[in-house]
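*Asks:* Could you have a look at this structure, given as structure tokens, before my questions?
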């Protein structure tokens with residue numbers, strides 16, 4: 001049995017020894033270096049640009065401006081193609097632009113023989129701007145006199161509303177208490193280790209090859225094709241090992257420009273590698289949200305309704321646009337399904353850096369507000385925070401009020417109980433009652449989450465798998481699923497092993513993704529990978545096993561019904577598992593028998609038309625130094641219902657990484673922008689604070705394993721959810737310790753000081 005075993009990641013040896021190849025490791029002769037000339041204003045228009053001195057510099061091959069690029073607007077978001085034209089992504093981007101929408105917008109590009117020459121050439125370009133007021137807040141963005149960032153948009157990217165689970169106003173009228181508050185989250189960076197990088201070249205006159213660090217190889221083909229108005233099949237995308245993405249690489253940030261350059265330069269190889277400063281300020285970030293929530297409760301602790309209103313700022317371009325705000329609220333509906341819910345959301349353009357997909361896709365913002373509000377509701381009626389949630393969270397059989405689908409697996413109550421026991425909630429609550437006065441205070445916090453396993457029914461969920469029996473009896477596995485460091489290749493091997501009955505060591509998978517020969521898959525995002533892939537692998541592996549057994553029956557003259565595969569050999573199931581044929585003999589016979597047989601292979605593509613919610617919670621223990629406005633986390637645990645855990649080792653890694661990212665979002669991280677110019681001050685790891693080993697406490701990780709019947713192996717989403725609930729749990733712990741409710745992130749010492757001062761604690 002391979003499912004449930006802590007198999008070492010198959011890419012670990014290559015990464016640990018330095019043998020793993022990333023984009024910047026790919027070399028080709030005569031490669032040129034491209035660097036962008038970026039705007040030094042946040043909002044305006046180029047009045048004139050002088051590139052003559054840059055063009056004349058020795059070693060400069062070309063300088064292109066907004067005047068040279070195709071005039072076709074395109075969308076950069078990594079979404080599957082939507083056949084409904086009303087639901088297509090917003091096409092508001094050009095490869096280079098004259099109209100400036102954020103500080104760092106791409107105006108021109110220099111192509112040179114070296115990075116040093118390119119840098120020198122950038123310094124020789126002269127630009128004169130027509131400068132407009134940067135629009136950075138909802139009030140100014142929507143003001144009657146505000147200039148449109150994109151013509152005809154009214155500065156609104158998108159908006160939607162829904163009501164489900166009953167009449168919210170009626171629930172409000174029948175409740176005993178209303179709990180109402182405003183919440184705000186800031187823009188944060190994904191901070192993946194590997195910056196954006198792409199190498200482009202042409203193998204012939206009609207063929208572009210892109211070697212790129214991306215989460216969406218197949219979607220990149222479509223976006224580049226759209227931007228350059230060329231057929232998709234003329235674009236080949238190779239994804240080697242990826243040094244992290246977290247959603248930042250679910251956009252085609254560099255690929256259209258790189259493809260344009262190699263076409264203009266006769267197919268010569270061109271490399272674009274962003275600096276850390278460019279990656280921070282000019283790629284994609286997490287949307288800042290302004291959220292207003294009103295909840296209604298009864299005296300016995302029954303939650304009757306939630307009304308959620310969201311304003312999201314997407315930056316200078318739509319990228320994923322309003323989908324992030326809409327998804328964040330939609331995915332929360334399964335958490336408290338017996339309460340009526342209404343939602344109104346609006347996403348606005350702003351002259352801030354562009355926001356796009358980032359780990360958990362709107363849920364960290366929405367769940368932060370919701371779980372803070374739930375904490376305040378429990379305190380309103382003097383009810384224990386855990387008991388309040390146990391009373392109201394989903395149970396198996398509940399109907400998701402938005403999708404109207406039943407919850408076929410749900411272990412959130414068990415997660416709460418397990419987390420409560422781990423943190424010693426009841427014991428510490430009594431002890432910490434003595435720590436509510438004085439300069440040092442202690443508190444406990446809890447927060448829950450729900451999240452989807454993919455994007456269905458909004459987007460198509462397709463995955464492909466190919467299996468080949470090699471002449472030596474080993475199995476080659478190819479999947480369209482995109483490995484970006486999350487461990488999906490490893491669990492794919494385990495799932496195949498489980499179904500076929502061969503050891504994982506006999507299954508070979510190549511991690512480098514190439515759109516020319518790998519099966520189709522839309523990419524790594526939305527915690528879809530293992531869930532959607534599981535159905536394709538289960539069907540493919542089962543068909544492959546049947547083919548192997550069918551041919552084994554031909555060789556051995558034993559009925560196929562009597563045969564099985566165990567531990568890498570064909571056995572007689574009716575004779576106590578007697579081995580009748582090795583896989584080596586099976587393969588050699590299939591390939592080399594003069595009359596019968598042939599290559600044993602399967603190629604399966606599967607569309608998943610379900611979306612199983614996963615659940616979980618965070619418990620945290622904090623100590624607050626009031627005078628220093630310092631938060632020290634003593635213990636923190638995430639407990640997840642992600643269905644059957646395929647690989648406990650990789651699962652634990654996902655959870656621990658998510659907790660650390662959640663701590664950063666809660667206490668440190670925000671892009672700090674100048675309100676007058678839009679300049680990002682902290683655009684490197686020297687200035688942008690992320691958690692270090694000194695900031696990460698003892699991290700607990702536990703699972704409640706349910707079986708999700710819509711999955712091939714009972715599994716559900718795991719990769720993104722761990723980041724969702726730590727920030728509200730930390731906020732709730734600070735409230736428990738100090739009595740001060742702080743409804744904004746991050747909870748920096750400056751923010752704590754302001755609120756502690758208002759509360760009279762300082």
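*Asks:* Only one of the values [x] 1.00; [y] 1.06; [z] 1.27 was calculated from this structure for Cα Rg over 2.2 N^0.38 Å; name its label.
*Replies:* Among [x] 1.00; [y] 1.06; [z] 1.27, the one calculated here is [x].
*Asks:* Please report 483, 344, 498 as a ranked list, fewest other C-beta atoms within 10 angstrom at the top and most at the bottom.
*Replies:* Going from least to most buried by this count: 344, 498, 483.
*Asks:* Shifting gears a bit: For residue 514 and residue 84, FRET efficiency with R0 = 45 Å and r from the beta-carbon atoms, rounded to 0.05?
*Replies:* Calculated value: 0.90.
*Asks:* Apply 1/(1 + (r/R0)^6) to the Cβ-Cβ distance of residue 143 and residue 599, taking R0 = 41 Å, and write down the FRET efficiency to the nearest 0.05.
*Replies:* 0.05
*Asks:* Something else about it: How big is the stretch 378-474 by the Kirkwood estimate over distinct Cα pairs, in Å?
*Replies:* Answer for the stretch 378-474: a Kirkwood hydrodynamic radius of 17.9 Å.
*Asks:* State the Cα centre-to-centre distance between the stretch 339-377 and the stretch 270-332 in whole Å.
*Replies:* Each part's Cα centre sits 4 Å from the other's.
*Asks:* Roughly how many whole Å is it from the C-alpha centroid of the stretch 619-673 to that of the stretch 684-759?
*Replies:* One Cα centre to the other: 5 Å.
*Asks:* Tell me, in nm to one decimal, what length is gained between residue 399 and residue 300 on full extension, where the rule is 0.36 nm per residue of separation less the Cα-Cα distance?
*Replies:* Going from the current span to full extension adds 33.4 nm.
*Asks:* How would 684, 342, 453 line up from fewest to most surrounding beta-carbon atoms within 10 angstrom?
*Replies:* Exposure proxy ranking, most exposed first: 684, 342, 453.
*Asks:* I would also like to ask the following. Compute the distance in nm between two label points, each set 7 Å from the Cα along the Cα-to-Cβ direction, one at residue 180 and one at residue 14.
*Replies:* A separation of 5.7 nm, rounded to one decimal place.
*Asks:* Post the alpha-carbon centroid distance, the stretch 204-223 to the stretch 497-513, in whole angstrom.
*Replies:* The stretch 204-223 and the stretch 497-513 have Cα centres separated by 27 Å.
*Asks:* Work out how much length residue 468 to residue 579 would gain on full extension: take 0.36 nm times their residue separation and subtract the Cα-Cα distance, in nm to one decimal.
*Replies:* 37.8 nm
*Asks:* Could you tell me the relative contact order of the chain? Use alpha-carbon pairs under 8 Å, at least six residues apart, and round to a whole percent.
*Replies:* Taking the mean separation of contacting Cα pairs over the length of the chain, I get 16 percent.
*Asks:* Next question, about the same structure. For each of 688, 713, 129, 525, count neighbouring Cβ atoms within 10 Å of the residue's Cβ, then give the residues from fewest to most.
*Replies:* Ascending number of Cβ neighbours within 10 Å: 129, 688, 713, 525.
*Asks:* Further question: Can you compute the radius of gyration and Dmax for the stretch 462-607, using only the Cα atoms, both in Å?
*Replies:* Over the stretch 462-607's Cα set, Rg and Dmax evaluate to 15.6, 49 Å.
*Asks:* Points 7 angstrom from Cα along the Cβ direction at residue 762 and residue 292: gap in nanometres?
*Replies:* Simple spin-label model gives 2.9 nm for this pair.
*Asks:* Now for a separate question. Report the residues of the stretch 632-646 in range of a label on residue 431: point 7 Å along Cα→C-beta, backbone N strictly under 20 Å from it.
*Replies:* Under cut-off, by backbone N: 632-638.
None of the figures in this text is laboratory data; all of them are computed from the coordinates on show. Keep in mind it's a predicted model, so treat the numbers as computed, not measured. Positions of Cβ are generated from backbone atoms using ideal geometry, with glycine treated the same way; all protein chains shown enter the neighbour counts.
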